[in-house]
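Everything below concerns the one structure shown next.
The values are calculated or read from the model by the stated rules, or taken from the named source; none is laboratory data. In this text, all values refer to a predicted model and were calculated from it rather than measured experimentally. Positions of Cβ are backbone-derived with ideal geometry, glycine not excepted, and every protein chain shown enters the neighbour counts.
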Amino acid sequence: MGRTFKQMQAEQRWKLKAMLEDGRSIADIAKSLGFHRSAIYREIERGSQGGCYDPQYAQMRCEEKQREKGREEKLADRELAGFISDLIRTEHISPEKIIEVLQKSGNQFSDIPQSPKTIYTAIDRGLIPGVSREDLLQRTSRVYSGGQICIPRWVLEKLDIKDGDVLELEIAENGTLIYRKKEQ
């Protein structure tokens, strides 16, 4: 059976500090926190400043180490992120279409994303300047044959309109469309 490793959480670090101050043994602390005693010794060594265990310092070091792990963030190239931002904000292009534009642009950028998910993730992490998920909402509708209009899902959700709802329509003098949801 292989060993499993788990990361000490901030709350456990504070408990460790309290137990050390109470004079409890390392074996007792390890059992209480659910770690091997060698893990407690390592935690104390890593999280000590001036010979005294500091849970806040230990947590900060742990978070720094976590940030250093893994691959480099996709879309860390500011020029590429700015280009994508412009496409979304001025051209109103979806991440799916942006992938196509980038692939057709040749070698303008060294490491272009291969998936729209990469762009969505970068937006969520704030790596695309001035863009949020709200900026991706479709702001136009198309009229199809027979006068049918395709209304974006986010608009329907915002107006609390569902499939099967009946709308009463009216046009105001200034040309504004007024709707009322008919109670059924």
Being within 30 Å of V155 (Cβ to Cβ), under 17 Å from the mean Cα position of the chain (by Cα) and surrounded by fewer than 17 Cβ atoms within 10 Å (Cβ to Cβ) narrows it down to one of P116, P95, so name that one. P116
Residue check: is S105 at negative phi, without any contact (Cβ under 8 Å) to a residue 24 or more places away in the chain and hydroxyl-bearing (S, T, Y)? yes
Identity of the residue in region 135-151, among the polar types (S, T, N, Q) and under 27 Å from the mean Cα position of the chain (by Cα), that ends up surrounded by the most Cβ atoms within 10 Å (Cβ to Cβ): Q138
Looking at (1) assigned to a helix (DSSP H, G or I); (2) assigned by TED's automatic domain parsing to the domain that holds T118, find the lone condition where I93 falls short. (1)
Go over the candidates Q66, Q108 one by one and state the one that is out of contact with any Gly (no Cβ under 6 Å at 6 or more places or on another chain), at pLDDT below 85 and over 30 Å from I40 (Cα atoms). Q108
Single condition A58 does not satisfy, out of (1) loosely packed, with under 14 Cβ neighbours inside 10 Å; (2) over 30 Å from E134 (Cα atoms); (3) in contact (Cβ under 8 Å) with a residue 12 or more places away in the chain: (1)
Which fully enclosed helices (runs of 4 or more DSSP H) of region 15-75 have 3 or more residues being in contact with a Lys or Arg (Cβ under 8 Å, 6 or more places away or on another chain) and outside the structural domain of F109 (by TED's automatic domain parsing)? 26-33, 55-68
Of the numbered conditions (1) within 18 Å of the chain's Cα centre (by Cα); (2) in a helix (DSSP H, G or I); (3) closer than 30 Å to L136 by Cα, D86 satisfies every one except a single condition; which is it? (1)
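Conditions tested, residue by residue: (1) closer than 28 Å to E134 by Cα; (2) assigned to a helix (DSSP H, G or I); (3) of a type in the set (A, V, I, L, M).
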position	(1), (2), (3)
W154	yes, yes, no
E157	yes, yes, no
N174	no, no, no
Y179	yes, no, no
